[in-house]
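Have a look at the structure below, then the notes.
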Amino acid sequence: VVVGAGGGGLAAALAVADSGRSVIVLEKLDRPGGNSALSTGSIPAAGSRLQIEAGIVDSPARMATDLIVQSGPHEAEDLTHRLAQTSAELVDWLVDCHGVRLALITDYKHVGHSVNRLHAPPSRRGIDLTDDLMRACKQAKIDVLTSNPVVDLLVERDTVVGVVVEGDRVERYEIRANVVILAANGFAANADLMRKWLPEIKSIEYFGAHGSTGEALEWGIEIGGYLANQHAYQGY
C-alpha cells in the first residue's frame, strides 16, 4: 500500500510493481499529483544518461556536497548522500523503463547546484510529470484510488500491517499489506501543526497542495517514531 498519489507516491508504486509485487495507491483528494503537479517537475540527478550525452561531468559526491553546502550541516546528511547516489538511477529508470518524458535543463542551474543536473518535462510543468507517472501506473495495472483518505494505520504487536480507509463508496474499510509506504508530503496546509512547529511563518499563506496536512507525521509519532529538524522549511 502506498499512501499519497503525488510524484513520489506514484514512483514508489511503480518500483513496487517492477519488483513483481502487487500494489495499490490511496489518495485522499479527488485527483493525484500533490505538490509535484504544482511544481516545475524538476528532478536533480548526478551522472544520468542525459547528462552524459550532453557532455556534463557530474557525480553523486559532487551533488551531495553542493546540497550540504547550500543547506548547512543537518541531521539527515546520510540521506542526502543516499539520494544523490540513487538519483541518476531514478531518472534513467523513469525515462527508459516507463517512458516518463524528462529532458536535461541546460539554460540554468538551480540554487546551489554547480552543474546542470535538473531533469524536467519539456514543458517544465509538474502536471506533465505526474500525468506521465499516472499513465505508467495504468500500464502497470496499478490501482490509484482517489477520494479514499487513509485515516489511520493498522498496528499489531508493534508492526504496521495495513491501513484504515474512508472510501468514497463505503464508510470505512481496512487494507492489510506486507508494507505500507507513506508518501504523504509535509504539513504546511495544517494550521495547527504550523503553529506548533513553525510559529514564525504560521501566518504566511501556503500555495502548495491542499493535501499536505501532516497525518503521516502524526501517525509516526503515535507509534513511537521521532522527529528531527522539523523546524526547518523551504521558502520558495
statement: HN-Hα couplings for the range 61-75 via Karplus (6.51, -1.76, 1.60; θ = phi - 60°), in whole Hz with x for Gly/Pro, come out as 4, 5, 5, 4, 4, 4, 5, 6, 4, 5, 7, x, x, 7, 6
- request: Would you mind working out the accessible area per residue for the chain, using a 1.4 Å probe, and quoting it in Å²?
  value: 57 Å²
task: Using a Gaussian network model of the chain whose springs link C-alpha atoms within less than 10 Å, name the residue from GLY225, GLY167, GLY208 with the highest mean-square fluctuation.
output: GLY225
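Relative contact order (percent) for the chain, with alpha-carbon contacts under 8 angstrom and 6 or more residues of separation? Don't skip to the answer; put the middle values down first.
Working: 408 pairs, mean separation 58.2, N = 236.
Normalised by residue count, the contact order of the chain is 25 percent.
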field: Using alpha-carbon coordinates, inclination of helix 7-18 to the longest axis of the chain, degrees
entry: 90 degrees
task: Classify the range 33-81 as rounded, prolate or oblate from the Cα gyration tensor: take a ≥ b ≥ c as the square roots of its eigenvalues, call it rounded if a/c is under 1.5, otherwise prolate when a/b beats b/c and oblate if not.
output: oblate
- request: Identify which of ALA15, ALA64, ALA191 has the largest mean-square fluctuation in a Gaussian network model of the chain, with springs joining Cα atoms closer than 10 Å.
  value: ALA191
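The chain: longest stretch without exposed GluC sites (Glu not before Pro) (DSSP loop, at most 10 other Cβ within 10 Å), sites themselves excluded?
Working: sites that count: GLU75, GLU171, GLU205.
Counting only loop sites that pass the neighbour cut-off, the longest clear stretch is 76-170.
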message: So I have (1) 6, 25, 31, 22, 12, 4, 0; (2) 7, 28, 37, 24, 5, 0; (3) 7, 28, 32, 21, 9, 3, 0, and one of them is P(r) over Cα pairs in 10 Å bins from 0, in percent calculated from this model. Which one is it?
response: (2)
query: For the chain, modelled as a GNM with alpha-carbon contacts under 10 angstrom, which of ASP168, ASP128, ASP158 fluctuates the most?
result: ASP158
statement: For the range 155-214 the chymotrypsin sites (Phe, Trp or Tyr not before Pro) that pass both the DSSP coil test and the at-most-16 other-Cβ-within-10 Å test are TYR206, PHE207
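For the range 128-236, what is the relative contact order in percent, using Cα pairs closer than 8 Å and at least 6 residues apart in sequence?
Working: 112 pairs, mean separation 18.3, N = 109.
Computed over the range 128-236, the figure is 17 percent.
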task: Treating only the Cβ atoms of Lys and Arg (+1) and Asp and Glu (-1) as charged, compute the dipole magnitude of the chain about its Cα centre; round to the nearest 20 debye.
output: 420 debye
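The values are calculated or read from the model by the stated rules, or taken from the named source; none is laboratory data. Predicted, not measured: the structure shown is a model, and the values here were computed from it. So basically every Cβ, Gly included, is an ideal-geometry build from the backbone, and we count neighbours across all protein chains shown. Only protein heavy atoms, including side chains, enter the accessible area calculation; ligands, DNA and RNA are left aside. Shrake-Rupley method; radii C 1.70, N 1.55, O 1.52, S 1.80 Å.
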